[in-house]
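These notes concern the structure reproduced below.
The values are calculated or read from the model by the stated rules, or taken from the named source; none is laboratory data. Keep in mind that what you see is a predicted model, and the values were worked out from it rather than measured. Glycine also receives a Cβ, built like all others from the backbone with ideal geometry; neighbour counts cover every protein chain displayed. What goes into the accessible areas is simple: the full protein's heavy atoms, side chains included, and nothing from ligands, DNA or RNA. Shrake-Rupley method; radii C 1.70, N 1.55, O 1.52, S 1.80 Å.
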Amino acid sequence: MNLLAIETSCDETAAAVVAETGDAARPWHIRSSVVASQTAIHREWGGVVPELASRQHVRDICGVVEAALDSAGATRSDVGAVAVTQGPGLVGSLLVGVAFAKTFAWAQRIPVVPVHHLAGHIESLTLAHGELPMPAAVLVVSGGHTSLYLVPEPGVYRLIGRTRDDAAGEAYDKVAKLLGLGYPGGPVIDRLARQGRDDRFRFPTTRLTHADRNDPRATGSDVLPAAVARRTDFSFSGLKTAVLRLVQERTASRSGETLPTEDVADICASFQRVVVDTLLERTFEAAQWLGARSIGIAGGVSANSRLRADAEARGKRAGLPVFVPPIALSTDNAAMIGAAGLRRYRSGIVASWDLNAEASLPLS
Ligand code: KG4
Ligand code: ZN
(Lines give C-alpha, C1' and ligand atoms only; values in the text may rest on other atoms or scores of the structure.)
(Ligands and ions follow the chains in the order given, each with its own letter.)
Protein backbone atom coordinates (compact mmCIF):
# COMPACT_ATOMS: atom_id res chain seq x y z
CA MET A 1 0.00 0.00 0.00
CA ASN A 2 1.06 3.60 -0.63
CA LEU A 3 0.53 6.05 2.17
CA LEU A 4 0.56 9.83 1.83
CA ALA A 5 2.13 11.54 4.85
CA ILE A 6 1.81 15.16 5.93
CA GLU A 7 3.98 17.02 8.45
CA THR A 8 3.35 20.65 9.46
CA SER A 9 4.19 20.75 13.18
CA CYS A 10 6.66 23.63 13.04
CA ASP A 11 8.23 25.56 10.17
CA GLU A 12 8.50 22.91 7.47
CA THR A 13 5.60 22.02 5.19
CA ALA A 14 6.31 18.42 4.18
CA ALA A 15 4.60 15.63 2.27
CA ALA A 16 5.82 12.17 1.29
CA VAL A 17 4.63 8.99 -0.33
CA VAL A 18 5.84 5.92 1.56
CA ALA A 19 5.19 2.36 0.40
CA GLU A 20 5.29 -1.00 2.15
CA THR A 21 7.98 -3.40 0.99
CA GLY A 22 6.54 -6.66 2.30
CA ASP A 23 9.87 -7.32 4.07
CA ALA A 24 9.33 -7.36 7.86
CA ALA A 25 12.99 -6.51 8.56
CA ARG A 26 12.93 -3.42 6.33
CA PRO A 27 9.24 -2.60 6.12
CA TRP A 28 9.04 0.72 4.24
CA HIS A 29 10.36 2.42 1.16
CA ILE A 30 10.31 6.17 0.36
CA ARG A 31 8.76 6.88 -3.04
CA SER A 32 8.99 10.65 -2.61
CA SER A 33 9.67 13.20 0.09
CA VAL A 34 9.17 16.94 -0.38
CA VAL A 35 10.01 19.60 2.22
CA ALA A 36 9.23 23.32 1.83
CA SER A 37 11.27 25.06 4.50
CA GLN A 38 10.19 28.42 5.93
CA THR A 39 13.61 29.17 7.39
CA ALA A 40 14.11 32.24 5.20
CA ILE A 41 10.89 33.78 6.55
CA HIS A 42 11.64 33.18 10.24
CA ARG A 43 15.36 34.03 10.05
CA GLU A 44 14.50 37.72 9.91
CA TRP A 45 12.84 37.40 13.36
CA GLY A 46 15.55 35.25 14.94
CA GLY A 47 13.22 32.27 15.47
CA VAL A 48 9.92 30.72 14.42
CA VAL A 49 6.95 33.13 14.51
CA PRO A 50 3.91 30.84 14.98
CA GLU A 51 1.38 32.99 13.12
CA LEU A 52 3.67 33.41 10.11
CA ALA A 53 4.32 29.67 10.14
CA SER A 54 0.63 28.70 9.98
CA ARG A 55 -0.08 31.19 7.19
CA GLN A 56 2.82 29.86 5.15
CA HIS A 57 1.67 26.25 5.64
CA VAL A 58 -1.71 27.25 4.18
CA ARG A 59 0.07 28.70 1.13
CA ASP A 60 2.36 25.72 0.60
CA ILE A 61 0.42 22.59 1.53
CA CYS A 62 -1.40 21.93 -1.78
CA GLY A 63 1.70 22.45 -3.91
CA VAL A 64 3.87 20.33 -1.63
CA VAL A 65 1.39 17.42 -1.72
CA GLU A 66 1.09 17.69 -5.52
CA ALA A 67 4.88 17.67 -5.83
CA ALA A 68 5.12 14.59 -3.56
CA LEU A 69 2.54 12.70 -5.65
CA ASP A 70 4.21 13.77 -8.92
CA SER A 71 7.68 12.78 -7.87
CA ALA A 72 6.38 9.38 -6.69
CA GLY A 73 4.76 8.96 -10.11
CA ALA A 74 1.47 8.49 -8.25
CA THR A 75 -2.03 9.89 -8.53
CA ARG A 76 -4.51 10.49 -5.71
CA SER A 77 -6.18 7.15 -6.34
CA ASP A 78 -2.90 5.28 -5.74
CA VAL A 79 -2.99 6.40 -2.11
CA GLY A 80 -4.51 3.94 0.39
CA ALA A 81 -4.28 6.00 3.59
CA VAL A 82 -3.12 9.41 4.84
CA ALA A 83 -0.90 9.86 7.90
CA VAL A 84 -0.58 13.23 9.58
CA THR A 85 1.33 14.70 12.52
CA GLN A 86 -1.32 15.32 15.18
CA GLY A 87 1.13 16.81 17.71
CA PRO A 88 3.10 17.98 19.54
CA GLY A 89 3.98 21.27 17.87
CA LEU A 90 2.59 24.71 17.12
CA VAL A 91 -1.16 24.31 17.19
CA GLY A 92 -1.88 26.67 14.28
CA SER A 93 0.69 24.86 12.14
CA LEU A 94 -0.54 21.39 13.11
CA LEU A 95 -4.12 22.38 12.27
CA VAL A 96 -3.23 23.07 8.64
CA GLY A 97 -1.86 19.54 8.20
CA VAL A 98 -4.68 17.87 10.13
CA ALA A 99 -7.40 19.77 8.20
CA PHE A 100 -5.68 18.99 4.88
CA ALA A 101 -5.26 15.29 5.72
CA LYS A 102 -8.89 14.89 6.77
CA THR A 103 -10.13 16.66 3.66
CA PHE A 104 -7.95 14.59 1.33
CA ALA A 105 -8.99 11.36 3.05
CA TRP A 106 -12.67 12.30 3.05
CA ALA A 107 -12.57 13.09 -0.67
CA GLN A 108 -10.75 9.84 -1.49
CA ARG A 109 -12.76 7.71 0.99
CA ILE A 110 -9.59 6.47 2.71
CA PRO A 111 -8.55 6.41 6.39
CA VAL A 112 -6.49 9.00 8.31
CA VAL A 113 -3.80 7.81 10.70
CA PRO A 114 -2.76 10.25 13.47
CA VAL A 115 0.98 10.26 14.22
CA HIS A 116 3.01 11.61 17.14
CA HIS A 117 5.86 13.76 15.83
CA LEU A 118 8.46 12.01 18.00
CA ALA A 119 7.25 8.55 16.92
CA GLY A 120 8.06 9.86 13.43
CA HIS A 121 11.61 10.80 14.47
CA ILE A 122 12.09 7.38 16.09
CA GLU A 123 10.77 5.56 13.00
CA SER A 124 13.10 7.55 10.74
CA LEU A 125 15.71 5.09 12.07
CA THR A 126 13.74 2.02 10.96
CA LEU A 127 12.93 3.68 7.65
CA ALA A 128 16.65 4.18 6.95
CA HIS A 129 18.17 1.07 8.54
CA GLY A 130 15.42 -1.52 9.01
CA GLU A 131 14.27 -2.76 12.44
CA LEU A 132 16.92 -2.01 15.08
CA PRO A 133 18.25 -4.76 17.35
CA MET A 134 15.88 -4.62 20.35
CA PRO A 135 15.71 -3.45 23.02
CA ALA A 136 17.02 -0.15 21.67
CA ALA A 137 17.83 3.07 23.53
CA VAL A 138 16.73 5.94 21.29
CA LEU A 139 17.60 9.59 21.83
CA VAL A 140 15.31 12.08 20.08
CA VAL A 141 17.08 15.40 20.01
CA SER A 142 15.54 18.34 18.18
CA GLY A 143 14.55 21.99 18.49
CA GLY A 144 11.54 21.17 20.63
CA HIS A 145 12.57 17.95 22.39
CA THR A 146 15.40 16.11 24.06
CA SER A 147 13.96 12.78 25.14
CA LEU A 148 15.34 9.34 25.69
CA TYR A 149 13.21 6.27 24.94
CA LEU A 150 13.49 2.58 25.53
CA VAL A 151 12.11 0.73 22.52
CA PRO A 152 11.62 -2.84 23.83
CA GLU A 153 9.85 -3.99 20.66
CA PRO A 154 8.88 -2.34 17.37
CA GLY A 155 6.30 0.42 17.84
CA VAL A 156 6.58 0.57 21.67
CA TYR A 157 8.21 3.74 23.04
CA ARG A 158 8.82 4.18 26.79
CA LEU A 159 10.09 7.53 28.00
CA ILE A 160 13.13 7.12 30.25
CA GLY A 161 14.65 10.63 30.23
CA ARG A 162 13.84 14.15 29.05
CA THR A 163 15.01 17.69 29.36
CA ARG A 164 13.75 19.62 32.35
CA ASP A 165 14.10 22.95 30.54
CA ASP A 166 15.53 23.74 27.09
CA ALA A 167 15.86 21.18 24.31
CA ALA A 168 19.39 20.72 22.94
CA GLY A 169 18.40 22.22 19.56
CA GLU A 170 16.87 25.18 21.36
CA ALA A 171 20.19 25.69 23.19
CA TYR A 172 21.98 25.69 19.81
CA ASP A 173 19.48 28.21 18.43
CA LYS A 174 19.71 30.50 21.47
CA VAL A 175 23.52 30.41 21.63
CA ALA A 176 23.69 31.17 17.89
CA LYS A 177 21.34 34.10 18.42
CA LEU A 178 23.42 35.62 21.21
CA LEU A 179 26.55 35.21 19.08
CA GLY A 180 24.76 36.95 16.21
CA LEU A 181 24.95 33.87 13.97
CA GLY A 182 21.31 33.79 12.83
CA TYR A 183 18.63 31.10 12.74
CA PRO A 184 18.66 28.11 12.83
CA GLY A 185 21.73 27.87 15.02
CA GLY A 186 22.59 24.18 14.78
CA PRO A 187 24.16 24.03 11.32
CA VAL A 188 26.20 27.24 11.71
CA ILE A 189 27.56 26.31 15.17
CA ASP A 190 28.37 22.84 13.81
CA ARG A 191 30.40 24.45 10.99
CA LEU A 192 32.19 27.08 13.09
CA ALA A 193 32.99 24.58 15.85
CA ARG A 194 35.14 22.62 13.38
CA GLN A 195 37.56 25.57 13.25
CA GLY A 196 37.58 26.18 17.01
CA ARG A 197 39.28 24.79 20.13
CA ASP A 198 36.82 22.82 22.25
CA ASP A 199 38.91 23.05 25.44
CA ARG A 200 39.40 26.81 25.58
CA PHE A 201 36.28 27.63 27.62
CA ARG A 202 35.07 25.50 30.52
CA PHE A 203 31.29 25.50 30.39
CA PRO A 204 29.33 23.57 33.04
CA THR A 205 27.79 20.16 32.47
CA THR A 206 24.54 19.71 34.37
CA ARG A 207 24.13 16.29 35.92
CA LEU A 208 20.73 15.90 37.53
CA THR A 209 20.21 13.52 40.42
CA HIS A 210 17.33 15.23 42.24
CA ALA A 211 13.58 15.12 41.63
CA ASP A 212 11.85 17.64 39.40
CA ARG A 213 9.76 19.80 41.75
CA ASN A 214 7.08 20.22 39.09
CA ASP A 215 6.92 16.51 38.33
CA PRO A 216 8.52 14.52 41.18
CA ARG A 217 8.05 11.03 39.70
CA ALA A 218 11.35 10.04 38.13
CA THR A 219 11.11 9.65 34.35
CA GLY A 220 11.34 5.97 33.46
CA SER A 221 11.09 4.80 37.09
CA ASP A 222 9.02 1.85 35.85
CA VAL A 223 11.88 0.47 33.75
CA LEU A 224 15.11 1.90 35.17
CA PRO A 225 16.76 0.72 38.41
CA ALA A 226 15.67 3.10 41.25
CA ALA A 227 19.25 4.17 41.97
CA VAL A 228 19.70 5.69 38.51
CA ALA A 229 16.16 6.66 37.46
CA ARG A 230 16.72 10.38 38.02
CA ARG A 231 20.03 10.48 36.20
CA THR A 232 18.65 10.23 32.69
CA ASP A 233 17.11 13.72 32.60
CA PHE A 234 18.82 16.60 30.81
CA SER A 235 19.12 20.34 31.42
CA PHE A 236 20.60 22.87 29.01
CA SER A 237 19.45 26.25 30.31
CA GLY A 238 22.45 26.65 32.69
CA LEU A 239 24.85 26.02 29.82
CA LYS A 240 23.11 28.63 27.69
CA THR A 241 23.34 31.17 30.54
CA ALA A 242 27.06 30.37 31.02
CA VAL A 243 27.69 31.14 27.33
CA LEU A 244 25.66 34.34 27.63
CA ARG A 245 27.74 35.50 30.66
CA LEU A 246 31.01 34.78 28.89
CA VAL A 247 29.92 36.65 25.77
CA GLN A 248 28.73 39.62 27.86
CA GLU A 249 32.01 39.76 29.83
CA ARG A 250 34.22 39.52 26.76
CA THR A 251 32.15 42.04 24.81
CA ALA A 252 32.27 44.50 27.76
CA SER A 253 36.07 44.11 28.02
CA ARG A 254 36.26 45.08 24.32
CA SER A 255 34.17 48.21 24.98
CA GLY A 256 31.16 46.70 23.22
CA GLU A 257 32.98 45.65 20.05
CA THR A 258 31.94 42.29 18.57
CA LEU A 259 34.07 39.25 19.38
CA PRO A 260 36.86 38.17 17.02
CA THR A 261 36.06 35.20 14.75
CA GLU A 262 38.54 33.01 16.61
CA ASP A 263 36.74 33.57 19.94
CA VAL A 264 33.37 32.82 18.34
CA ALA A 265 34.71 29.56 16.87
CA ASP A 266 36.21 28.55 20.25
CA ILE A 267 32.94 29.33 22.05
CA CYS A 268 31.01 27.24 19.49
CA ALA A 269 33.43 24.32 19.84
CA SER A 270 33.47 24.47 23.67
CA PHE A 271 29.66 24.72 23.85
CA GLN A 272 29.20 21.88 21.38
CA ARG A 273 31.59 19.61 23.27
CA VAL A 274 29.49 19.93 26.44
CA VAL A 275 26.19 19.33 24.60
CA VAL A 276 27.48 16.29 22.71
CA ASP A 277 29.23 14.77 25.74
CA THR A 278 26.12 15.21 27.91
CA LEU A 279 23.79 13.69 25.31
CA LEU A 280 26.01 10.71 24.64
CA GLU A 281 27.04 10.03 28.23
CA ARG A 282 23.44 9.77 29.36
CA THR A 283 22.30 7.77 26.35
CA PHE A 284 25.11 5.22 26.65
CA GLU A 285 24.65 4.94 30.43
CA ALA A 286 20.92 4.34 30.02
CA ALA A 287 21.61 1.77 27.30
CA GLN A 288 23.90 -0.08 29.69
CA TRP A 289 21.43 0.06 32.61
CA LEU A 290 18.68 -1.25 30.34
CA GLY A 291 20.69 -3.93 28.59
CA ALA A 292 19.99 -2.30 25.21
CA ARG A 293 21.31 -4.07 22.11
CA SER A 294 21.50 -0.93 20.00
CA ILE A 295 21.42 2.86 20.17
CA GLY A 296 19.47 5.20 17.89
CA ILE A 297 19.83 8.97 17.64
CA ALA A 298 17.20 10.94 15.69
CA GLY A 299 15.81 14.48 15.33
CA GLY A 300 17.29 17.68 13.91
CA VAL A 301 20.34 17.74 16.19
CA SER A 302 21.30 14.22 15.04
CA ALA A 303 22.47 15.99 11.87
CA ASN A 304 25.35 17.35 13.97
CA SER A 305 28.72 16.18 12.65
CA ARG A 306 30.42 15.89 16.04
CA LEU A 307 27.46 14.07 17.60
CA ARG A 308 27.57 11.56 14.74
CA ALA A 309 31.32 11.02 14.90
CA ASP A 310 31.48 10.78 18.71
CA ALA A 311 28.44 8.47 18.86
CA GLU A 312 30.04 6.16 16.34
CA ALA A 313 33.34 6.12 18.30
CA ARG A 314 31.60 5.47 21.63
CA GLY A 315 29.50 2.74 20.04
CA LYS A 316 32.67 1.00 18.84
CA ARG A 317 34.22 1.22 22.32
CA ALA A 318 31.04 -0.07 23.98
CA GLY A 319 30.46 -2.77 21.36
CA LEU A 320 26.99 -1.37 20.59
CA PRO A 321 25.73 -0.59 17.09
CA VAL A 322 24.71 3.08 16.73
CA PHE A 323 22.07 4.14 14.18
CA VAL A 324 21.56 7.70 12.93
CA PRO A 325 19.28 8.66 10.01
CA PRO A 326 20.67 10.26 6.84
CA ILE A 327 20.61 14.09 7.13
CA ALA A 328 17.42 14.43 5.03
CA LEU A 329 15.58 12.25 7.58
CA SER A 330 17.16 13.90 10.65
CA THR A 331 15.46 17.27 10.36
CA ASP A 332 11.67 17.50 10.00
CA ASN A 333 10.23 15.61 7.03
CA ALA A 334 7.06 13.71 6.16
CA ALA A 335 8.69 10.40 5.17
CA MET A 336 9.28 9.60 8.86
CA ILE A 337 5.61 10.41 9.59
CA GLY A 338 4.71 8.00 6.79
CA ALA A 339 6.81 5.26 8.39
CA ALA A 340 5.25 5.76 11.83
CA GLY A 341 1.84 6.03 10.12
CA LEU A 342 2.20 2.70 8.35
CA ARG A 343 3.32 1.07 11.60
CA ARG A 344 0.21 2.41 13.38
CA TYR A 345 -2.13 1.64 10.50
CA ARG A 346 -1.01 -2.00 10.52
CA SER A 347 -1.66 -2.15 14.27
CA GLY A 348 -5.25 -1.07 13.57
CA ILE A 349 -5.11 2.61 14.48
CA VAL A 350 -7.15 5.05 12.37
CA ALA A 351 -8.69 8.36 13.40
CA SER A 352 -12.33 9.39 13.42
CA TRP A 353 -13.40 12.48 11.49
CA ASP A 354 -13.31 14.63 14.64
CA LEU A 355 -9.51 14.22 14.84
CA ASN A 356 -7.97 17.48 16.08
CA ALA A 357 -4.45 18.87 16.41
CA GLU A 358 -2.93 18.58 19.91
CA ALA A 359 -0.08 20.93 20.77
CA SER A 360 1.08 18.85 23.78
CA LEU A 361 0.20 15.34 22.69
CA PRO A 362 1.92 12.74 24.94
CA LEU A 363 3.70 9.83 23.22
CA SER A 364 3.01 7.06 25.69
O1 KG4 B 1 13.76 17.94 14.20
P2 KG4 B 1 13.83 19.37 13.80
O3 KG4 B 1 13.98 19.68 12.32
O4 KG4 B 1 12.59 20.17 14.30
C5 KG4 B 1 12.01 19.96 15.56
O6 KG4 B 1 11.23 18.96 15.68
O7 KG4 B 1 12.35 20.74 16.48
O8 KG4 B 1 15.05 20.02 14.61
C9 KG4 B 1 15.43 21.35 14.42
C10 KG4 B 1 16.61 21.65 15.34
C11 KG4 B 1 17.00 23.12 15.38
O12 KG4 B 1 17.10 23.52 16.73
C13 KG4 B 1 18.35 23.15 14.68
O14 KG4 B 1 19.21 24.17 15.16
C15 KG4 B 1 18.89 21.77 14.99
O16 KG4 B 1 17.77 20.92 14.89
N17 KG4 B 1 19.94 21.34 14.06
C18 KG4 B 1 21.22 21.10 14.42
C19 KG4 B 1 21.92 20.79 13.23
N20 KG4 B 1 21.05 20.85 12.18
C21 KG4 B 1 19.82 21.19 12.72
N22 KG4 B 1 21.81 21.14 15.62
C23 KG4 B 1 23.13 20.87 15.68
N24 KG4 B 1 23.88 20.59 14.59
C25 KG4 B 1 23.33 20.53 13.36
N26 KG4 B 1 24.09 20.24 12.29
ZN1 ZN C 1 11.11 17.34 14.70
Of 228, 156, which has the most accessible area with a 1.4 Å probe, and how do the rest follow in descending order?
156, 228
Simple SL model, points at 7 angstrom along Cα→Cβ for residue 77 and residue 305; separation in nm is 5.0 nm
Any residue on another chain or 5+ positions along whose placed amide H is under 5 Å from the amide H of residue 296 is listed here as 137, 138, 139, 323
What's the carbon and sulfur percent of the chain's accessible surface, probe 1.4 angstrom, rounded to a whole number?
51 percent
Which ³J(HN,Hα) values in Hz, rounded to whole numbers, follow from the phi angles of the stretch 33-41 under the Karplus curve 6.51 cos²θ - 1.76 cosθ + 1.60, where θ = phi - 60° and Gly and Pro get x?
8, 10, 10, 9, 8, 9, 3, 4, 6
Straight-distance crosslink candidates among lysines, where the alpha carbon sits under 25 Å from residue 174 and sequence neighbours closer than 8 are dropped
240
Nearest 10 degrees, 0 to 90: what angle lies between the long axis of helix 50-71 and the longest principal axis of the chain (Cα atoms)?
50 degrees
Let's see if you can work this out: charge +1 on each Lys and Arg Cβ, -1 on each Asp and Glu Cβ, no other charges. What is the dipole magnitude of the stretch 48-135 about its Cα centre, in debye to the nearest 20?
300 debye
Using alpha-carbon positions, the gyration tensor of the stretch 94-252 gives root eigenvalues a ≥ b ≥ c; with a/c under 1.5 called rounded, otherwise prolate if a/b exceeds b/c, else oblate, the class is oblate
Under a plain spin-label model, where a point goes 7 Å from the Cα along Cα-to-Cβ, how far apart in nm are residue 40 and residue 347?
4.0 nm
Under a 1.4 angstrom probe, counting protein chains only, how are 134, 1 ranked by accessible area, largest first?
1, 134
Rounded to the nearest 10 Å², what accessible area does residue 345 show when all protein chains are kept and the probe is 1.4 Å?
60 Å²
Any number yet on Rg/Rh for the stretch 220-364, C-alpha, Kirkwood?
1.07
Heavy-atom accessible area per residue, the chain, 1.4 Å probe: how many Å²?
42 Å²
What value, in deg cm²/dmol to 500, does the helix sum -39500 (n - 2.57) over DSSP H runs of n ≥ 4 give at 222 nm once divided by the residues of the chain?
-14000 deg cm²/dmol
Among 99, 15, 289, the residue whose Cα sits farthest towards the positive end of the charge dipole of the chain (+1 at Cβ of Lys and Arg, -1 at Cβ of Asp and Glu, taken about the Cα centre) is 289
Ordered by number, the trypsin sites (Lys or Arg not before Pro) in the stretch 284-316 that occupy a DSSP loop and have at most 14 other Cβ atoms within 10 Å are 293
Kindly sort 7, 170 by accessible area of their heavy atoms, largest first, with the probe set to 1.4 Å.
170, 7
Under 5 Å between amide H atoms, partner at least 5 residues away or on a different chain: which partners does residue 160 have, H built in plane at 1.01 Å?
148, 149, 150
About the Cα centre of the stretch 96-231, what is the dipole size in debye to 20, counting +1 per Lys and Arg Cβ and -1 per Asp and Glu Cβ, all else neutral?
360 debye
To the nearest 20 debye, what charge dipole does the stretch 1-94 have about its Cα centre, counting +1 at the Cβ of each Lys and Arg and -1 at the Cβ of each Asp and Glu?
20 debye
Rounded accessible area of residue 33 (nearest 10 Å², 1.4 Å probe):
60 Å²
As I understand it, the dipole of the stretch 269-364 uses +1 on the Cβ of Lys and Arg and -1 on the Cβ of Asp and Glu, about the Cα centre. Which of 327, 280, 315 lies farthest toward its positive end?
315
Tell me, what HN-Hα J-couplings in whole Hz come from the Karplus equation 6.51 cos²θ - 1.76 cosθ + 1.60 at θ = phi - 60° for each residue of the stretch 4-10, using x for Gly and Pro?
8, 10, 10, 9, 9, 6, 9
Net charge contributed by nearby residues that have their C-beta within less than 13 Å of residue 303 (K/R +1, D/E -1):
+1
